[in-house]
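This report concerns only the one structure given below.
Computed from the coordinates by the stated procedures, all read-outs in this text should not be read as laboratory data. Just so it is clear, the structure is predicted and the values come from calculations on it, not from any experiment. In this analysis, Cβ positions are derived from the backbone assuming ideal geometry, glycine residues included, and neighbour counts consider all displayed protein chains.
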Amino acid sequence: MLRLTQAFPDLTIQATADFQEITDRMEVEKVEEIWRNWLRPQEGDTEDRLSLQHPSTDQEYTENMEVDQEEEVLQHPLAIQNSRLLALPNEILQDIAIRYFRDVDIARLGLSCKEAYARILSVDAPVWRARHRQMFDVTPKDPDELHSEYSARSIVLRHKLDIKKDSLIDIHEWLYEMLTMLWEAMYVSLPVGAVSKTYELVLKTVMSVDFLNRPVSPNPSDIFYSLHLCLTALALDDEICTSCYREDYCIVIVYSVQEHIASWPFIDHQESCLWKLMHFRNFWQRHLMNPTEATFYGSFSQLPKELKPKVRKTDGSNPKDLSKSWLGYYSCIHPLPHGIGRFTGRQANTGRQSCADLDSHLDQVELMTLEIESRSSEHFWPATCSSIIPVAQDWGVPDSREYFKGCQNTLGGASDASNPMFGFTEPIQQDFGGIFGWIRICFTISERVGRGQVPAWVEGAEGWVHGYEAMLIPGGRLMIGRWVDLKDESGNGPFIFWDV
C-alpha cells in the first residue's frame, strides 16, 4: 500500500484535496446522526448492546436515512461519482482514508456516493481493521464484529457521560463499552512494560468525565459497580481523583452491625455482592484520600507512587495468578456501637469511623505487608477458620480451589516479627457485572508463637486469629473485603490490599 502511495504522490495529494473539498461541505452533526441511525438492538443480546448495522442493499442504504439526508448525501452537488478519487486503486484510496482523516471524515467520504461506501465503509474494507489496530490492543477477526465494535467504541469514547442527565440506554452503553475495553486491557498479553493502547483510551475517557469522584448513581447496576471496582486504583490516585463523601457508603454495612457473620460467606459464588463491596471501596476512597478524616490518609499519601495501587499488571505475569507481595490496611472500631440507630447517627456524619484515629487513638497507622511464599499442596483450612469462613461446597469450585502459605508483617518491620498466614483462592464462575475474572480469596493470619508452642489457630490455644475474606478484583492487582476476629465475631471491619 505504501509503495502505491509513493508511486503516485501528485495523484494522492490531488485526491486528498478533492476529498477535503467534498467533506467540508457536509455537516459533522448530520453525518454523526446518520451513523447513530444505523444502531439497532441485536436480537438475543442479553446485554442490550447496540451494534452497528451496515446497509447491505441499495434499499437498506436509503432507508437508513431521512429523506432530506438522503437527498444531500446521494445527490450532493459535490458527490464524487466522477471524481478522480474513485479512479484511484483501492489501496491508495484506503491509505488516504487511514492516514489523513478522522473517523467523521471517513464517514463523510463513504457517504458521498454508493461506490465510495462500498469501497470504504463496507464491513470488509481494510480501513476499519487498520483504524482498530491503531487504537486498540485486540482486533476481532470477524469483519462484522470488528465493524460493530469499532463503531460502538468510537461513539462512547466521544460521549461526555452525565450520570444524572443521560438516558439509561446511553449510560448502559457507555458503562458496557468502557468495561469491556478495560477488561481487554487487563488481560491482553503484551511485552513487559508495554503500554496498552486500550487502557490509555479508557484512562483518558474516565478522566474527562465526573465518574470516579462521586461513585454513586440514581440508577445503580452491577455493571456500574463492576466498572468502579475495577477502577479502584484510579479512585485512589490523587492526581486523578478526589475523596468521596461519607454518605457514599453505609457504615453499618462496612462494620457488619447486627449481622450474624457466620451464617453465610461474605463473598457468594452465586449471588452478586458487588453492591456490598462498593460500600467497602467507598469507605477506603474516603479514608485514604481525605486528610480531614485523620485516619489512613497520612500513611497512604506518603507512599511513593510505585508502591500505590495499579489497575493492570505490566510485568508479564498472568492476571489470574496470585501475586507474591501485597500492601494494605485493615480498619476496626472499638467499642462497636450497639444498635443500628447509634451507628448511623454520629458515626455516619462526624463521629469516629475507625480506631486508626490519629486525633485520639494512634500516633501513626502501620501499613501491612503480605508475602505469599508458595502454593501449598496441603488442603489446609482448619475448623477454627471454616466455622466462620467456609469453603465453597456446592458451587462446582473445589477442583479449582488453590491453597497457599505466607507471612504477614508491617512495612519496614523485622523479618523475625512476621505472623504466619495460610489460605486459598476460589475462581468465581459467574460474570458479575458483565465480566469474568472475579476470585474469592480467604486467608487467616494468626499471632506468632514461639517454637514448640501450640499455634494460635488451634481451638483453645492462646493468641489472636483473624480471618480475611475478600474479592480479588479482575486484573489480579487488588482485593477488597472483610476481616473477622475468629475468636470474637464482634471484632470485624473492612480491609484492602494491593500487589506491589
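Write down the Å³ per residue value for the convex hull defined by the alpha carbon atoms of region 222-499.
Details: hull volume 38.6 nm³, N = 278.
Measuring per residue, one finds 139 Å³ for the Cα hull of region 222-499.
So who's got an amide H within less than 5 Å of the one on Lys487, skipping anything under 5 residues away but keeping other chains? H placed 1.01 Å off N, in plane.
Val465
Based only on other Cβ atoms within 10 Å, what is the fewest-to-most ordering of Asp499, Asp237, Asp124?
Taking fewest neighbouring Cβ atoms as first place, the list is Asp124, Asp237, Asp499.
Fewest first, what order do Leu201, Leu472 take by the number of other Cβ atoms within 10 Å?
Numbers: Leu201 20, Leu472 27.
Ascending number of Cβ neighbours within 10 Å: Leu201, Leu472.
Which whole-number percent gives the relative contact order of region 435-500, counting Cα pairs below 8 Å spaced six or more residues apart? Display every interim value, and only then the final one.
Details: 125 pairs, mean separation 17.4, N = 66.
In percent, rounded to a whole number, it is 26.
Evaluate E = 1/(1 + (r/R0)^6) for Arg133 and Asn318, where r is the Cβ-Cβ distance and R0 equals 22 Å; express this FRET efficiency to the nearest 0.05. Don't jump to the answer; show the numbers that get you there.
On the way: r = 24 Å, r/R0 = 1.10.
After rounding to 0.05, the efficiency reads 0.35.
Based on the mean of other beta carbon atoms within 10 Å per residue, what is the order of 190-197, 458-465, most packed first? Spell out each step's value before the answer.
Numbers: 190-197: 12.8, 458-465: 14.4.
Final packing ranking: 458-465, 190-197.
Which entries of Lys204/Lys320; Lys164/Lys276; Lys197/Lys310; Lys160/Lys204; Lys197/Lys313; Lys141/Lys310 show an alpha-carbon separation above 20 angstrom in the structure shown?
On the way: Lys204/Lys320 26 Å; Lys164/Lys276 22 Å; Lys197/Lys310 16 Å; Lys160/Lys204 12 Å; Lys197/Lys313 14 Å; Lys141/Lys310 30 Å.
Beyond 20 Å: Lys204/Lys320; Lys164/Lys276; Lys141/Lys310.
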